[in-house]
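Step one of this worksheet: look at the structure below.
The values are calculated or read from the model by the stated rules, or taken from the named source; none is laboratory data. Source: prediction; values computed, not measured. Positions of Cβ are generated from backbone atoms using ideal geometry, with glycine treated the same way; all protein chains shown enter the neighbour counts. Side chains included, ligands, DNA and RNA excluded: accessible areas come from the protein's heavy atoms. Shrake-Rupley method; radii C 1.70, N 1.55, O 1.52, S 1.80 Å.
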Amino acid sequence: MRTAYGVETVRAAERELMARLPDGALMQRAAAGLAAACADLLGRVYGSRVVLLIGSGDNGGDALYAGARLARRGAGVTAVLLTPERAHTGGLAALRRAGGRSAGVDAAEDLIERADLVVDGIVGIGGKGGLRPEAAPLAEAADRAGAAVVAVDLPSGVDVDTGEVRGTAVRADLTVTFGTHKPGLLIDPAREYAGVVRLVDIGLELPSGATELEALQHADVARLLPLPAADTDKYRRGVVGIAAGSARYPGAAVLAVAGALRGGAGAVRYVGPAADAVIARFPETLVSDRGPKKAGRVQAWVVGPGAGDDAATVAEVLATDVPVLIDADGLRLADAEAVRGRTAPTLMTPHAGEAAALLGVSREEVEGARLASVRELAARYAATVLLKGSTTLVADAGGTGPVRVNPTGTSWLATAGSGDVLSGLAGSLLAAGLRAVDAASVAAYLHGLSARFAADGAPVGAHDVAEGIPGAWRDVRG
């Protein structure tokens, strides 16, 4: 599992390690990893033109020492010093001894325009808010130039702990981060600024209990996937109820059932006005016109996709004593007190617009502060929350503990009905007995992987994503 830690935890680990190492050894470890990554990106170091954008503090020191290593290999390295009087003394001296030189901000734009590589060492993990006025033009020049941009630890101008971007920030092609991933490198909008992230091990010892973010990998998902035993019947595999669809949106029901069937449910019970459409597509579905209470035995419910204004069905599902997933119209129709008062697990799966309505803020606020938003929703509703988007986040009920970020997916997944498939898939995993946070995380992982395989660089429909889930499952299982 990939993990990310906040600033204070990282700093404490760095202090502890530095106390056990010779003076400057930790910075040299970071600089060596940074220089190696820059060399790999350049391909040919000798004769290349490298510009270092240097602020004050250790982040600039890492860049200067890395620049010295590149200069010793024949690169022409120039350090643009934003605050010359506060530049890292040892790093600057090492660069000059290696044949590198320094320049002022007034020469920066011309240097950047002619560079093969620009190294962002402006602000370290302690930076807050966007870039300062004197630094912003350098980021903009690097963005306009044809040079590759490498960020040191994280792109300057992004918030390391939240992934928020409140002004101008450096857009990197590659971010070389040290010791551990940081939350801002995994969460949009900051993730978009980081480019490819390369982790350099510098020997930090980090406490497992202080993890801010987790990202499941194939092996983690494989361990969580429910597999039938030799004596398993359809009820032991899990029966999921789907209360979805309406006269206006019958397809939502079909897609939710598709996700549930492809997600390993032993059986799917459907309740709603789209029974004919569901049976026509999936004759194995068990349908009922008697409402959720009389539909028969289920281990979990999915309610809301395409439900229109059917608040009564949503309330009936919320009153059950099994895990419930609430999506789409169900989020709008669900009574907040009824959600908070449930004793069985609840999983809510809003996109940014739905989350904004639940929180009473603008969509832009949610998209700009995704980590804070998913935690606030989980705390406010005492429910596990899966916040859909370019980076899907999952917060456990109450909003405490590490948030999970989904590493799979494709921009082609932004298509009508894909959320309905995700709801059915997650519902089937709830019915199989997974914890709500695990069901949400595994469903998002398989859903994103299926979409990536189905799209293969071309447009994809929600039905394609549903049909691709077994292939994603097999890929994860190896």
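Brief remarks follow.
- Charge tally around Val303: other residues with Cβ under 10 Å, Lys/Arg +1 each, Asp/Glu -1 each, net -4.
- Over the chain: helical MRE at 222 nm, DSSP H runs n ≥ 4 each giving -39500 (n - 2.57), nearest 500: -12500 deg cm²/dmol
- The loop-placed GluC sites (Glu not before Pro) in region 69-176, going by DSSP, that have at most 12 neighbouring Cβ atoms within 10 Å of their Cβ come out as Glu134.
- Given charges at Cβ of Lys, Arg, Asp, Glu: region 179-266 dipole, positive-most of Leu224, Ala244, Tyr193: Ala244
- Charge tally for Pro350 (other residues, Cβ to Cβ under 9 Å; Lys, Arg +1; Asp, Glu -1): -1.
- Lys, Arg +1 and Asp, Glu -1 on Cβ, resulting dipole of region 163-235 about Cα centre, debye, nearest 20: 240 debye
- Extreme residue, positive dipole direction of region 58-163, given options Val152, Val105, Leu64 (C-beta unit charges): Leu64
- For region 397-439, the gyration tensor built on C-alpha atoms gives an oblate shape. Its axis ratio a/c (a ≥ b ≥ c) is at least 1.5, and a/b is not larger than b/c.
- DSSP beta bridge pairing in the chain, given as percent antiparallel to the nearest 5: 15 percent
- Inter-part distance where region 78-132 and region 372-432 are each reduced to a Cα centre, Å: 40 Å
- At R0 = 41 Å, FRET efficiency that the Cβ-Cβ distance of Arg96 and Ala210 yields, to 0.05: 0.55
- Accessible area of region 133-204 belonging to carbon and sulfur atoms, whole % at 1.4 Å probe: 47 percent
- Cα gyration tensor shape for the chain, rounded if a/c is under 1.5, else prolate or oblate: prolate
- Gain in span if fully extended, Ala414 to Lys234, counting 0.36 nm per residue against the direct Cα distance: 61.5 nm
- Only protein atoms count toward the accessible area here, which uses a 1.4 Å probe; on region 314-460, the carbon and sulfur part of that area reaches 52 percent.
- Part-to-part distance (alpha-carbon centres) for region 293-368 and region 437-468, which is given in Å: 22 Å
- Per-residue extension of 0.36 nm, minus the Cα-Cα distance of Thr400 and Glu192, leaves a gain of 72.3 nm for this segment.
- Qualifying GluC sites (Glu not before Pro) in region 263-339, where qualification requires a DSSP coil assignment and no more than 15 other C-beta atoms within 10 Å, comprise Glu284.
- Other residues with beta-carbon under 12 Å from the beta-carbon of Ala94 carry, at +1 per Lys or Arg and -1 per Asp or Glu, a net charge of +3.
- Region 21-37 and region 168-195: distance between their alpha carbon centers, rounded to Å: 20 Å
- Dipole magnitude of the chain about its Cα centre (Cβ charges: Lys, Arg +1; Asp, Glu -1), debye to nearest 20: 920 debye
- Prolate/oblate/rounded label for region 349-392 (Cα gyration tensor, a/c 1.5): oblate
- Top positive-direction residue, dipole computed over region 366-446 with Cβ charges, set Leu429, Val403, Ser390: Val403
- Student exercise, region 17-126 dipole from Lys, Arg, Asp, Glu Cβ charges, in Debye to nearest 20: 540 debye
- At least 24 Å along the helix axis (C-alpha) and Kyte average at least 1.0, DSSP helices within the chain: 25-42
- The loop-placed trypsin sites (Lys or Arg not before Pro) in region 211-255, going by DSSP, that have at most 16 neighbouring Cβ atoms within 10 Å of their Cβ come out as Arg248.
- Here the extension length gained between Arg477 and Asp201 equals 96.5 nm, from 0.36 nm per residue of separation less the Cα-Cα distance.
- Spin-label pair Arg380/Glu8, simplified geometry with 7 Å Cα→Cβ offset, distance in nm: 2.5 nm
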